[in-house]
Protein chains: 4
Amino acid sequence: MSNTIGDRIKITIFGQSHSRAIGVTIEGLPAGFAIDEDRLLAFMARRAPGSNPLSTARKETDEPDIISGLAGGRTCGAPLTALIWNNDTRSKDYSNIKDMPRPGHADYTAYMKYGGYNDIAGGGQFSGRLTAPLCFAGGIALQLLELEGVRVYSHIYSIENVKDDPYDLMGPFEDLTEKKLPVINNDVIDKMLHTIEYARNDVDSVGGIVECAIDGVPVGLGEPMFDGIENRIAKLIFGIPAVKGIEFGRGFAAASLRGSENNDEFCIEGEEIRTRTNNHGGILGGISSGMPIVFRTAFKPTPSISRPQQSVSLSKMEEGTLEIHGRHDPCIVIRAVPCVEAVAALAILELIL
Amino acid sequence: MSNTIGDRIKITIFGQSHSRAIGVTIEGLPAGFAIDEDRLLAFMARRAPGSNPLSTARKETDEPDIISGLAGGRTCGAPLTALIWNNDTRSKDYSNIKDMPRPGHADYTAYMKYGGYNDIAGGGQFSGRLTAPLCFAGGIALQLLELEGVRVYSHIYSIENVKDDPYDLMGPFEDLTEKKLPVINNDVIDKMLHTIEYARNDVDSVGGIVECAIDGVPVGLGEPMFDGIENRIAKLIFGIPAVKGIEFGRGFAAASLRGSENNDEFCIEGEEIRTRTNNHGGILGGISSGMPIVFRTAFKPTPSISRPQQSVSLSKMEEGTLEIHGRHDPCIVIRAVPCVEAVAALAILELIL
Amino acid sequence: MSNTIGDRIKITIFGQSHSRAIGVTIEGLPAGFAIDEDRLLAFMARRAPGSNPLSTARKETDEPDIISGLAGGRTCGAPLTALIWNNDTRSKDYSNIKDMPRPGHADYTAYMKYGGYNDIAGGGQFSGRLTAPLCFAGGIALQLLELEGVRVYSHIYSIENVKDDPYDLMGPFEDLTEKKLPVINNDVIDKMLHTIEYARNDVDSVGGIVECAIDGVPVGLGEPMFDGIENRIAKLIFGIPAVKGIEFGRGFAAASLRGSENNDEFCIEGEEIRTRTNNHGGILGGISSGMPIVFRTAFKPTPSISRPQQSVSLSKMEEGTLEIHGRHDPCIVIRAVPCVEAVAALAILELIL
Amino acid sequence: MSNTIGDRIKITIFGQSHSRAIGVTIEGLPAGFAIDEDRLLAFMARRAPGSNPLSTARKETDEPDIISGLAGGRTCGAPLTALIWNNDTRSKDYSNIKDMPRPGHADYTAYMKYGGYNDIAGGGQFSGRLTAPLCFAGGIALQLLELEGVRVYSHIYSIENVKDDPYDLMGPFEDLTEKKLPVINNDVIDKMLHTIEYARNDVDSVGGIVECAIDGVPVGLGEPMFDGIENRIAKLIFGIPAVKGIEFGRGFAAASLRGSENNDEFCIEGEEIRTRTNNHGGILGGISSGMPIVFRTAFKPTPSISRPQQSVSLSKMEEGTLEIHGRHDPCIVIRAVPCVEAVAALAILELIL
């Protein structure tokens, strides 16, 4: 079913943009774990609307309200459920987009799938706001992974045409969360911010790519064929709105390489078998090789823009012009970074536990 | 579990490269369907080792042997199981690669996962040969989809640096199976073949990209979040060996676009709502829009090359040089084309039934 | 995972007896349905602690608080999540049973499974209170089933040694909810109440059996082998605390019959094929026959009794005597009746939709 | 899907009574295990048609043909697939029962579900013959469980009205496989055989009950709510044809007990916590208590009897008399014993691995 995923760590996400609350139920967490709430809140804050230094969109604190799953401050084996109350649901009039679907959004497909009964307010269940409970679950997964020696890193690989330096696939990877933007090359921070600002002034939006690395994954995790690490991450990642592609290791670029270039030769470092290069991105045959797992995720530009766009009236079956008012986040990529980390953490955690 | 996938059409693939047989069990097929065996064999033949006009690798006819699931020549509601016997399993000596894993293969990760008990012969369960039962299942799915007005098309988007023309995302799409290579632009056929031939003479291999279009999918199929059409296709596609990336619609290129460029405006054509462009690749919010579903899959170059490569002896824990003898297919991309179609068909079929 | 069940209608139940709230997320409900809240509350009230006319246990109104899944008062396609707040969680001292597990309860097994981190308060996640969200989901399922012409009936088949008349397996079945106890034979009402009262005065408890009938299920639902209607109902029913057995149609009694007695001969009634008897309880080969589906569920006596019982101190690893104070419901069977109906409804609903 | 079950040990059963072969694919077996084939064959022989000393039904050796999943004689991590070829599929004429469904069989429900395309020959996919691959999988599970100190026992609890002594729920349990019938009380062997013989001479059949004990299961396995050990065993057990009920520990009898009688008090034996009685049958809250897991399964009498029975012609929609010729096993309970053990083993194995 669409909102539940995972085998040994199962998450069920619920809520709509303007329902009373959104939330998540996490099954399978080990009992006895004390969540570091400060770190969890800090992680979730990176996703919250205010996280984009340029964003003036909806302000939500995204503070999770844990209603079950703990006893004496620790996980108790019961499913952990957290709510995030929707306080800022201004009673805006959505009747125009109910009848006239927004280009690039799920308004039209949802209308057709649910016979017009879909919740249109704020995007309903298709809203990016649903990544808040995903990040809640992912933030806990990150803490549990750390106990196993696994760390997840990520950076903004690109925004529109501004590119950060790519990761050295061999690592090491750096924690970039203290920077104004999570990028490797400080020189691109202003360029990216300008790009976003430029798009905003243009009443437009921009997309981008997030690169993620998972370091410390032991060799031998994952399964062949349909349950490999790539399959698992991919199935999760397309649950984040606006994702249109994913690639592992060298990814699409590997398609232009020779086998002799792309094959990663084995070597011995200390007592361990490693590869000299990491074009395979830490996964061979769906199974972890012990090398860093690296993948990139493409985000299309936010479809919410205030420019007039052509659409159709569903009731009248005639073409017309749609104008969406209000302030829109011109670039969701910054806020998408912790979402990608959350996905990475959730995919790996259930393989390790 | 790794070899089983699907909800309403469930396939379970089994076998190793050199086990007595490989095969697949398909659950959920509608009863009363008469498989067109000639078309199925023709489809599977496109995947068989002989399908590459330049390939001189292992010859297998891949003839499926249906052992259950039919009554009176039609599906009967019981799971359909087909075997493909492994006749050409020359008793080659695999002891060298058992001890010295091949770069780019799953030899090392499988060794570690299965404590050295993995079947190394011919790549064991990680062999590309396991795509034969996938194509058997996919070939049947394609026939069932046709009854629903859905057709799957694909072409070789690129081999190494030789690029075919891309699909017009709006369609229409053409059946290219009669051509020497399934490409749109006939001028690239010889270039691609030369590229492969050149790699072969160089004792090397090349990768490539396959582009696939699914036409005729009605609007409203798929689910939000983790069970969208993208999630489903992605989870399946990484079950094909050598896949390192997937993108939908404009895919990674959308990350460089503005929202105003990437958003597909709605219009009315005849009695139907459509979009003027198809950057979204037929999927919005995980749900089909009625426009063609288009995606691209990146294949890394075959890791099997006969050049000497550095590896390590697992028993001695020392570095050494590995030479793999025998003939290798220098480009699996041609044979991968029907595999991609099979995945597309299986992903969509269970949404339509 | 343990708290999630279902394929097309998936429910995820969360919470502990004394967590801030308990609740359920329901995925897969058809969009556009307006829940009849009065009927739903009436259904849930049959399960609430006050429903036993003799019960003086914890008072909870069990009022569900729907926080997502609706738009404009109707289901909108998004998961429906409802909470039931735990108001009556008196801060009782549970330290004695934390160290000394209650006989017949899950205290000991939970302690061992969760390394002592399980929530002991009120039984934690093993509490019968978790059947409240199950009944919420089941109550909605019942309303949806009615639209399909399916009705679920049940009665108390027995309490301790007091037996109601059994159902005529052929039907018809009567709505007994207006009676003081849901039984067919009014003469047993007082006997059952006396039996319970007698057990209460004895500081003891009694078990019983619930018989359930599902009428109006069309022929041909369900699947062979592991996904038959019996498998589905059985997997759900053991999710209700205290259930120790289930039987369909003639059930265990069929084991003493001859084939010639137990086989149900086919006949024609009006335009329909039916059976003359219904020993098979409406299911043949896992698939509905169109006859009423009838099953019985055995509930052990509530393990919570105030008598002194022998147990062991987990910390000292020595035997000792445990006394549980407080008022206990001496017979949960009355309140179990709607739970059984909920299970029946949920199992059938996803086959019909 | 109906023919696939299990999480960490997943089995997929395929085939029809008269298809070319039946078989099973087992995923998740630990790599490196050498199956003891002699013991496996001996186990499967208990299920084979010849196992009933009085049976003269179809003779099949049930010899499994392993076609994948092994390397060097040991499990290799790949799915293990075994076939059992159907040699004895006499080309009998099934047209009468195709049109006139047999009472008590799935002929009618399958006809309706599959639109008349179901395989009627020998019962198709509903045939008891499909328990042969179940026993193949279960026989391997039993061997793996033994390595973990877990043993599965069972006996014929009753045939028609002849009852064996029940198990002492506390154990110990005895291996009864060398006896003419697997019963505790030798005095009932002849009575049971006479009962069967009597039914056969009467052209009739008898049902019975099988009692099963799983000894050595460590405390703390299983999950709460819908994934408890009872839920798992129940979901599997109804996959065996003719099963109509299951009960754990004291089962239905517990419904007549007082809490003070049914509660099992804890005590200390040696260094271990145990219960003084085992009315709970080794499972509390879905989780193993370390005490023996005991359950009983009710089998209805075989519906296949040669007496004339009333049925209906599906084509003519008129009532008529059906006579099924051929020899029928008058009591499948004897052969069902290893099937029950197989289910027990499969349910527990995946919790232990």
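Values quoted throughout were computed directly from the atomic coordinates according to the rules given, and no laboratory measurement underlies them. Keep in mind it's a predicted model, so treat the numbers as computed, not measured. Cβ: placed from backbone, ideal geometry, glycine included. Neighbour counts: every protein chain shown.
Using +1 at the C-beta of Lys and Arg and -1 at the C-beta of Asp and Glu, which of C:ILE332, C:ALA255, C:ALA78 has the Cα lying farthest in the positive direction of the dipole of chain C?
Projecting each Cα onto the dipole axis, the largest value belongs to C:ILE332.
Average projected area of the Cα convex hull of the stretch C:81-215, in nm²?
Quarter of the Cα hull surface area: 11.6 nm².
Between Rg and the Kirkwood Rh of the stretch A:129-279, both from Cα atoms, what is the Rg to Rh ratio?
Looking at the stretch A:129-279, the ratio lands at 0.98.
Taking amide H positions as placed 1.01 Å from N in the peptide plane, with prolines and chain starts having none, which residues 5 or more places from D:ARG102, or on another chain, fall under 5 Å of its amide H?
D:ASP107, D:TYR108
In terms of modelled amide H atoms, which long-range or inter-chain residues lie less than 5 Å from the amide H of A:THR275?
A:CYS267
Provide the net charge surrounding D:ILE120, with neighbours chosen by a C-beta distance below 10 Å and charges set as Lys +1, Arg +1, Asp -1, Glu -1.
My count for the surroundings of D:ILE120 gives -1.
If the cut-off is 17 Å between C-alpha atoms, which lysines fall inside it for A:LYS316, apart from same-chain ones fewer than 8 positions away?
Excluding near neighbours in sequence, the set is A:LYS98.
Would you mind working out the magnitude of the charge dipole of chain A relative to its Cα centre, with +1 at each Lys and Arg C-beta and -1 at each Asp and Glu C-beta, to the nearest 20 Debye?
Dipole of chain A, to the nearest 20 debye: 1060 debye.
Extending each Cα 7 Å along its Cβ direction at C:ASP175 and A:ILE268, get the distance between those two points in nm, one decimal.
The answer from the label model is 7.9 nm.
Scan chain A for the residue whose Cβ is closest to the axis carrying it onto chain D, then write down that distance in whole angstrom.
Spelled out as residue then distance in Å, it is A:ASP7, 4.
Enumerate the amide H contacts of C:SER205 below 5 Å, restricted to partners 5 or more residues apart or on another chain; note that Pro and chain-start residues carry no placed amide H.
Amide H to amide H, under 5 Å and 5 or more residues apart or across chains, C:SER205 pairs with D:GLY259, D:SER260.
Along the charge dipole of chain B, Cβ charges K/R +1 and D/E -1, which of B:SER205, B:GLY6, B:LEU284 sits furthest on the positive end?
Toward the positive end, the furthest listed residue is B:SER205.
Quick one: 3J(HN,Hα) in Hz for the stretch B:258-275, Karplus 6.51/-1.76/1.60 with θ = phi - 60°, rounded, Gly and Pro as x.
7, x, 5, 8, 8, 4, 9, 6, 7, 8, 10, 10, x, 9, 10, 7, 9, 10
Please turn the phi angles of the stretch A:98-114 into ³J(HN,Hα) values with the Karplus equation 6.51 cos²θ - 1.76 cosθ + 1.60 (θ = phi - 60°), one per residue in order, whole Hz, x for glycine and proline.
After applying 6.51 cos²θ - 1.76 cosθ + 1.60, I find 5, 8, 10, x, 6, x, x, 9, 8, 3, 6, 5, 5, 4, 6, 5, 9 Hz.
Copy-to-copy spacing for B:ARG276, label 7 Å out on the Cα-to-C-beta vector, in nm, shortest first?
Label point to label point, same position, other copies: 5.4, 7.3, 8.4 nm.
What does the charge count near C:GLU319 come to, summing +1 for each Lys or Arg and -1 for each Asp or Glu among other residues with Cβ under 12 Å from its Cβ?
0
Can you list the HN-Hα couplings for the stretch A:223-229, worked out from phi with the Karplus curve (6.51, -1.76, 1.60; θ = phi - 60°), rounded to whole Hz and with x for Gly and Pro?
Rounded to whole hertz, the list is 10, x, 6, 8, 10, x, 5.
Defining a contact as two alpha carbons under 8 Å apart and six or more residues distant in sequence, what relative contact order in percent does chain A show?
Relative contact order, chain A: 22 percent.
Report D for the protein assembly as shown in µm² per second (integer): Stokes-Einstein, Kirkwood Rh on Cα pairs, 4 °C, 1.567 mPa s.
Calculated translational D: 40 µm²/s.
Is there a simple number for the mean count of other chain Cβ atoms within 10 Å of the Cβ of residues in C:196-208, and what is it?
3
Hey, got the average number of other protein chain Cβ atoms within 10 angstrom for residues in A:306-317?
3
Report the charge-dipole magnitude of the protein assembly as shown in Debye, nearest 20, computed about the Cα centre from +1 at each Lys and Arg Cβ and -1 at each Asp and Glu Cβ.
0
Could you list D:ILE5, C:ILE246 so that the one with the fewest beta carbons within 10 Å of its beta carbon is first and the one with the most is last?
D:ILE5, C:ILE246
When ranked by the protection proxy of mean other Cβ atoms within 10 Å per residue, highest first, what sequence do the peptides A:23-36, C:201-214, C:290-303 form?
Values: A:23-36: 21.1, C:201-214: 23.8, C:290-303: 27.1.
The densest-packed peptide leads the list: C:290-303, C:201-214, A:23-36.
Classify the stretch A:182-246 from the C-alpha gyration tensor, please: rounded if a/c falls under 1.5, else prolate or oblate depending on whether a/b exceeds b/c.
Verdict is oblate for the stretch A:182-246.
Could you work out how far the C-alpha centroid of the stretch D:112-181 sits from that of the stretch A:151-218, in angstrom?
59
Check cross-link reach from B:LYS163 to the aspartates and glutamates: straight Cα distance under 16 Å, and skip same-chain residues fewer than eight apart.
Candidates past the 8-residue exclusion: B:ASP187, B:ASP190, B:GLU211.
List the relative contact order of the stretch D:196-353 as a percent without decimals, with contacts defined as Cα pairs under 8 Å and 6+ residues apart.
35
Picking from A:THR131, A:ALA345, A:PHE266, whose Cα lies most toward the positive end of the charge dipole for chain A (charges on Cβ: Lys, Arg +1; Asp, Glu -1)?
Result: A:THR131, furthest along the dipole toward the positive end.
With +1 assigned to the C-beta of every Lys and Arg and -1 to the C-beta of every Asp and Glu, and no other charges, what is the dipole magnitude of the stretch D:208-353 about the Cα centre in debye, to the nearest 20?
With only Lys, Arg, Asp and Glu charged at Cβ, the dipole is about 580 debye.
Ignore the peptide's own chain and count Cβ atoms of other chains within 10 Å of each Cβ in D:21-29; give me the average, rounded.
5
Counting C-alpha atoms alone, how compact is chain C: give Rg to one decimal and Dmax as a whole number, in angstrom.
Answer for chain C, Rg first and Dmax second: 20.9, 71 Å.
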